[in-house]
Amino acid sequence: MRYRTRLYIDLHLLYENVEKIRRLCPHNQILFMVKGDAYGHGMTQMVRFAVTELDIKEFGCATLGEARRLRDELPDLQFEVYVFSDTNLEFQSCADYYLHRRIIPVLSNLADLEYVLSDRDFLYFPLCLKFNTGMNRLGIMPAEVDQVISLFKKYQRKNIFHLITHFGTSSDLITSGSITERQYECFKAIKKQLLSAGIEIERSSAANSGAIEQGYALEETHIRPGLMLYGPSSLNASIRHQSLWTGRCISRLETYIISAFNVKKGDGVGYGNRTIPEEGAIGLIAIGYGDGFNGRMQAPEIYYAGHRGYIFGRVNMDMTQVFFPGIDQSQLKLTDKIFIWGHAPSEVLRFADQTGAIPYELFCGLTSRVPRLYGLDDLYGK
Ligand SMILES: *Cc1c(COP(=O)(O)O)cnc(C)c1O
């Protein structure tokens, strides 16, 4: 594990982000997406804080293992947890976990639905159904609604606990006739069909961050934000300025300079001996692909004490060269922190844009060698 390279997570900023989402969506409950270890922020800590301090009661995982971990590590807390994709319902041992630990599988095909409906043990278990309205990933097809209704009749069930669909292009501008709008129209039609067959729908949700940021699909009981809770906008760079989202990045990625030295034009540096284009200084920072950086991170800007540097040459497993043109090595202090990104969301977004990544990947890519630290700096100071 690293000591001075770390992801600091400010829980007060999470509190603020949730408050901001509640102001944007005053009529919706939040289903907090914590898959991927809470987008790299540490699932257990995020859920504990959200339940005890933010009064959030529902969480979304991707895998049964993630949901089990939440139940194991937070046995004292009351919350609902959903498994969205990797449900493994076909294994009896997994089905038992859902039953006995109250983990709600998102049912995305007719076979899973029939399995749950036909099993007497699941008779009083909440049913969560996901429909494919045009993203064409997971979900029951719109053409299968009649079969869903027949199955409900056959097994004498009348209630859907949570009806879900997911948008595939909500990071684009949602306009009339856009794919997102067509998806949402399809969802509303499915809802209508189910309701008119006498099936009750307790909860429903469609909006992910991209939709929420555009104030879209808020007629449902719930919203399912992921990325925006952690700070950055999920809209594409070209339309980001149209986002309603004003949250801050709850994390900052800190590292420090291990070594600094001057270089001249024509010097070769690091693996591959990349040629230095002009005079300046190299600062070696204590982060590499063993921490979640990667070789495609070429030339993103990194700022230190007002100096603009950029990643130079190949990223190594354990360290990375940052080239600061026109400065002397004495201006790079070896013990000072360097921030790869700070709490201004523009910083992680810039790093993502400049490396051809998305913030989702940057967050999820950080390995366990980078410790996650939690605090309330923003509230109480450092
Ligand atoms: C990941 C996910 C979300 C959250 O998406 P963001 O873009 O991070 O807001 C919502 N719903 C489902 C089904 C998801 O898989």
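The values are calculated or read from the model by the stated rules, or taken from the named source; none is laboratory data. Here the structure is a predicted model, which is why all the values come from computation and not from measurement. Using ideal geometry, Cβ is built from the backbone for each residue, glycine included, and neighbour counts are taken over all protein chains shown. For accessibility, only protein heavy atoms count, side chains too; no ligands or nucleic acids. Shrake-Rupley method; radii C 1.70, N 1.55, O 1.52, S 1.80 Å.
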* To do: Put one equal scatterer on each alpha carbon of the chain, apply the Debye formula with no solvent term, and list log10 I(q)/I(0) at q = 0.06, 0.08, 0.09 1/Å to two decimals.
  => -0.28, -0.48, -0.59
* Could you go through segment 63-79 in sequence order and give the Karplus-derived ³J(HN,Hα) for each residue, using 6.51 cos²θ - 1.76 cosθ + 1.60 with θ = phi - 60°, rounded to whole Hz, and x for Gly and Pro? => 10, 4, x, 5, 5, 4, 4, 4, 5, 5, 8, 10, x, 8, 9, 9, 6
* Structure fact -> In degrees, nearest 10, the alpha-carbon axis of helix 92-101 is tilted away from the dominant principal axis of the alpha carbons of the chain by 90 degrees
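Using a probe radius of 1.4 Å on heavy atoms only, what accessible surface per residue do you get for the chain? Whole Å² is fine.
Values: 16700 Å² over 382 residues.
The answer is 44 Å² per residue.
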* Asked: Based on the Cβ-Cβ distance of THR335 and GLU19, what FRET efficiency does E = 1/(1 + (r/R0)^6) give at R0 = 51 Å, to the nearest 0.05?
  -> 0.90
* In cubic angstrom, how much convex hull volume per residue do the alpha carbon atoms of segment 260-382 span? -> 113 Å³
* Evaluate the relative contact order of segment 252-382 (contact order divided by residue number), counting alpha-carbon pairs under 8 angstrom at least 6 apart; express in whole percent. => 28 percent
* **Whole-percent carbon and sulfur share, accessible surface of segment 14-173, 1.4 Å** => 48 percent
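Among the listed pairs LYS264/LYS333; LYS35/LYS191; LYS35/LYS153; LYS57/LYS192, which are separated by more than 24 Å between their Cα atoms? Please list the in-between numbers first.
Details: LYS264/LYS333 20 Å; LYS35/LYS191 26 Å; LYS35/LYS153 34 Å; LYS57/LYS192 27 Å.
Pairs exceeding 24 Å: LYS35/LYS191; LYS35/LYS153; LYS57/LYS192.
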* To do: Quickly work out the SER346-to-PHE261 label distance, labels modelled 7 Å from Cα along the C-beta direction, and quote it in nm with one decimal.
  => 3.6 nm
* Values of log10 I(q)/I(0), in the order q = 0.27, 0.28 Å⁻¹, for segment 128-188 under a Debye, Cα-only, solvent-free model -> -1.14, -1.19
* Asked: Based on the Cβ-Cβ distance of ILE149 and ARG71, what FRET efficiency does E = 1/(1 + (r/R0)^6) give at R0 = 25 Å, to the nearest 0.05?
  -> 0.15
* Asked: In vacuo Debye scattering of segment 1-140, one point per C-alpha: log10 I(q)/I(0) at q = 0.09, 0.10, 0.11, 0.18 Å⁻¹?
  -> -0.32, -0.39, -0.47, -1.08
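On a 1.4 Å probe surface of the protein chains, which of GLU185, GLU347, GLU90 comes out largest in accessible area, and what is the full order? The partial results should precede the final answer.
Details: GLU185 95, GLU347 60, GLU90 130 Å².
Largest accessible area first, the list is GLU90, GLU185, GLU347.
Starting from 0.36 nm per residue, how many nanometres of slack lie between LEU195 and ASP353 once their C-alpha separation is accounted for? All intermediate terms of the calculation are to be shown ahead of the outcome.
Values: separation 158, 0.36 × 158 = 56.88 nm, distance 4.37 nm.
Length gained, LEU195 through ASP353: 52.5 nm.
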* To do: For LYS337, go through the lysines and keep the ones whose alpha-carbon is under 21 Å away, minus same-chain ones fewer than eight residues off.
  => LYS382
* Structure fact -> Gyration tensor on Cα atoms of segment 78-162, a ≥ b ≥ c root eigenvalues, a/c under 1.5 rounded, else prolate if a/b beats b/c, else oblate, says oblate
* What relative contact order, as a whole-number percentage, does segment 208-281 give when Cα pairs under 8 Å and 6 or more residues apart are counted? -> 21 percent
* Structure fact -> Note: GLN242 to PHE125 extended length (0.36 nm per residue) minus current alpha-carbon separation gives 38.0 nm
* Size of charge dipole - segment 6-69 - debye, nearest 20, with Cβ of Lys, Arg +1 and Asp, Glu -1, no other charges -> 120 debye
* Asked: Once the Cα atoms of helix 43-54 and of the chain are each reduced to a long axis, what angle between those two axes, in degrees from 0 to 90 to the nearest 10, is obtained?
  -> 70 degrees
* Candidate aspartates and glutamates for bridging to LYS265, where Cα separation is under 19 Å - those fewer than 8 sequence places away on the same chain excluded -> GLU278, GLU279, ASP328
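Given the DSSP H assignment, sum -39500 (n - 2.57) over each helix run of at least 4 residues in the chain and divide by its residue total; what's the result at 222 nm in deg cm²/dmol, nearest 500? List each step's numbers first, then the result.
On the way: 13 runs with 118 residues, N = 382.
Computed mean residue ellipticity for the chain: -8500 deg cm²/dmol.
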* To do: Report, in degrees rounded to the nearest 10, the 0 to 90 angle that the Cα long axis of helix 11-24 makes with the longest principal axis of the chain.
  => 50 degrees
